[in-house]
1. Provide the descending list of Cα extents for the chain along its principal axes, expressed in whole angstroms.
2. Step through the residues of the stretch 142-149 one at a time and calculate ³J(HN,Hα) from phi using the Karplus curve (6.51 cos²θ - 1.76 cosθ + 1.60, θ = phi - 60°), rounding each to whole Hz and writing x for Gly and Pro.
3. What are the radius of gyration and Dmax of the stretch 45-102, computed over its Cα atoms and given in Å?
4. Would you mind ranking I133, I3 so that the residue whose beta carbon has the fewest other beta carbons within 10 Å leads the list?
5. Projecting each Cα onto the charge dipole of the chain (Lys/Arg +1, Asp/Glu -1 at the beta carbon, about the Cα centre), which of H56, A22, P136 comes out farthest on the positive side?
6. Out of all DSSP beta bridges in the chain, what portion is antiparallel? Express it as a percent rounded to 5.
7. Can you run the Rg to Rh ratio on the stretch 1-58? Use alpha carbon positions and the Kirkwood inverse-distance Rh.
8. Calculate the radius of gyration of the Cα atoms of the stretch 135-195 to one decimal place, then report Dmax, the largest Cα-Cα distance, as a whole number, both in Å.
Amino acid sequence: MKIGVLALQGAVGEHIQMLEKAGAQAVSVKLPRELEGLDGLVMPGGESTTISKLMHQYDFMEPVRHMGQAGVPLFGTCAGLILLAGHIEGLDQAHLGLLEITVRRNAFGRQRDSFEAELDISGVAEGYKAVFIRAPSITETSPHVDVLATVADQAVMVRQGHLLGAAFHPELTEDARLHRYFVEMVRESKATPTD
Ligand code: GLN
């Protein structure tokens, strides 16, 4: 099983280490041709507008969208979640537009630019210490989306089939339970190919 980490911005090395800790082979993806043969893809946090610009510049948008449409598991964290979202508050256009959610960027305000919260993530992890950095929240979800965790009544982690999204940074802790959960999603999707 080979999982890629989109390496345009963000904590790429940390995601790779966590995926390896979770038992997967992990590679950084700097060029679209490196997407070929991947069983899953992690899209790290950073700045969503910057990552989006770089994705357009390096011709990543179409192939990544195609992977998502073809049922390859994708995991977006923080800015990566914003990239996956179908709607972004205040913007006319989504980036990849794969996940049936609306996100609000920088939803937790200036006072709480960065914070930690202990989450019970449904079916994934209890007592999970999540690191939020200028994090988005998920303000709307379609009936196809499961909300796995909330903070102050705001959804911060969701799953829609093969798409997983977290508003926080699971690569910045020692706790590999979320990466293990994603690796398991990838293993299941390999066992039951959708196309
Ligand atoms: N605030 C950033 C954005 O809107 C996301 C922050 C992050 O990925 N840590 O893109």
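Only the coordinates and a few stated rules stand behind these numbers; no lab work does. None of these values were measured; they are calculated from a predicted model. So basically every Cβ, Gly included, is an ideal-geometry build from the backbone, and we count neighbours across all protein chains shown.
1. 42, 36, 32
2. Ordered by residue, 3J(HN,Hα) equals 7, x, 7, 9, 9, 8, 9, 7 Hz.
3. Cα radius of gyration and Dmax of the stretch 45-102 are 10.5, 29 Å respectively.
4. Details: I133 16, I3 25.
Ascending Cβ contact count within 10 Å gives the list I133, I3.
5. H56
6. Working: 21 of 39 bridges.
Expressed as a percentage, antiparallel bridges in the chain total about 55.
7. Details: Rg = 11.2 Å, Rh = 11.5 Å.
With Rg and the Kirkwood Rh in hand, the quotient comes to 0.97.
8. In order Rg, Dmax, the Cα atoms of the stretch 135-195 give 12.9, 39 Å.
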